[in-house]
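Beneath this line is the structure, given in structure tokens, with notes to follow.
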Amino acid sequence: MYKNYLKRILDFIIAFIGLLMLSPIFLIVTIGLFFANQGKPFFFQKRPGKNERIFKVIKFKTMSDKKDAQGNLLSDADRLTTIGKFVRKTSLDEIPQLLNVLKGDMSLIGPRPLLPEYLPLYNQEQKKRHNTKPGITGWAQVNGRNAISWQQKFEYDVWYVENLSFVLDVKIFFLTFLKVFKSEGISKEGEVTTTKFLGNEK
């Protein structure tokens, strides 16, 4: 009942209220990133959702498009803007995804939507993470976020899919606020963004 019906209803209601409440912050961050990124406060990227259906996720653009003399993008660390660093640290870059929740592409809570290029790299167990809608936050995010290994993330994702319930979602919802407040697990030590998943070890 909850998984098939109530979860979607609660997602829509909470996302709608969340957007209304956060609209002043949404506007301020949009203006700040507009000037920091030469008129581009958002970025859209294709991600696989439930049953691996591709959709476009929307996030605040925290990195500029600065390139070197050869026309190649600079490193993530060099492109991360000052305001972008703050937005990423406080997880404000996730706010626009509430629009994805309203559309039905995402849920508030579920496995994070990753890159389409990772799809062929998953083993059969890891593929189970696509048996439910991806979320803005999830079990892996409150258990280490980007500071844990890819294998650990996928184990948490699959565990969530197999144990999805209202009580678990409520627990993750409140743990997320605690993690954001403490700014924990944003990235691995010495890195500013998530490392790419290159496949499972043989």
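The values are calculated or read from the model by the stated rules, or taken from the named source; none is laboratory data. Just so you know, these numbers come straight off a predicted model, no measurement behind them. Ideal geometry is used to build each Cβ from the backbone, glycine not excepted, and the neighbour counts take in all protein chains shown. Note: accessible area is taken over every heavy atom of the protein model, side chains too, but ligands, DNA and RNA are not part of it. Shrake-Rupley method; radii C 1.70, N 1.55, O 1.52, S 1.80 Å.
Numerical summary
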read-out	value
Extreme residue, nearest to V180 (Cα to Cα), among residues of the stretch 109-158 that are among the acidic types (D, E) and touching an Asp or Glu at 6+ places or on another chain (Cβ under 9 Å)	E155
Subset of the stretch 25-60 (residues that are part of a helix (DSSP H, G or I), more than 17 Å from the chain's Cα centre (by Cα) and either closer than 27 Å to R79 by Cβ or modelled with pLDDT under 95 (or both))	I25, L27, I28, V29, T30, I31, G32, L33, F34, F35, A36
Filtered residue count, the stretch 145-194, keeping only those that are in a loop (DSSP other than H, G, I, E, B) and either of a type in the set (F, W, Y) or modelled with pLDDT of 85 or more (or both)	4
Subset of the stretch 38-54 (residues that are under 13 Å from L115 (Cβ atoms) and not polar (S, T, N, Q))	K46, R47, P48, G49, E52, I54
Residue check, D105 closer than 19 Å to K196 by Cα, charged (D, E, K, R), out of contact with any Leu (no Cβ under 6 Å at 6 or more places or on another chain) and modelled with pLDDT of 95 or more	no
Residue within the stretch 65-81 that is at pLDDT below 95, part of a helix (DSSP H, G or I) and among the small types (G, A, S) present	yes
Qualifying positions in the stretch 129-144 - part of a helix (DSSP H, G or I) and farther than 24 Å from I58 by Cβ	N143
Qualifying positions in the stretch 86-102 - open to solvent by 30 Å² or more (accessible area, probe 1.4 Å) and without any contact (Cβ under 8 Å) to a residue 40 or more places away in the chain	F86
Checklist (1) open to solvent by less than 30 Å² (accessible area, probe 1.4 Å); (2) of a type outside the set (K, R); (3) under 15 Å from P96 (Cβ atoms); (4) free of Cβ contacts under 8 Å to residues at least 60 places away in the same chain applied to G18, failing item	(4)
Residue within the stretch 138-153 that is surrounded by 14 or more Cβ atoms within 10 Å (Cβ to Cβ), more than 19 Å from T194 (Cβ to Cβ) and among the polar types (S, T, N, Q) present	no
Residue count for the stretch 136-165, restricted to those that are among the polar types (S, T, N, Q) and either touching a strand residue (DSSP E or B) at 6+ places or on another chain (Cβ under 9 Å) or without any contact (Cβ under 8 Å) to a residue 12 or more places away in the chain (or both)	4
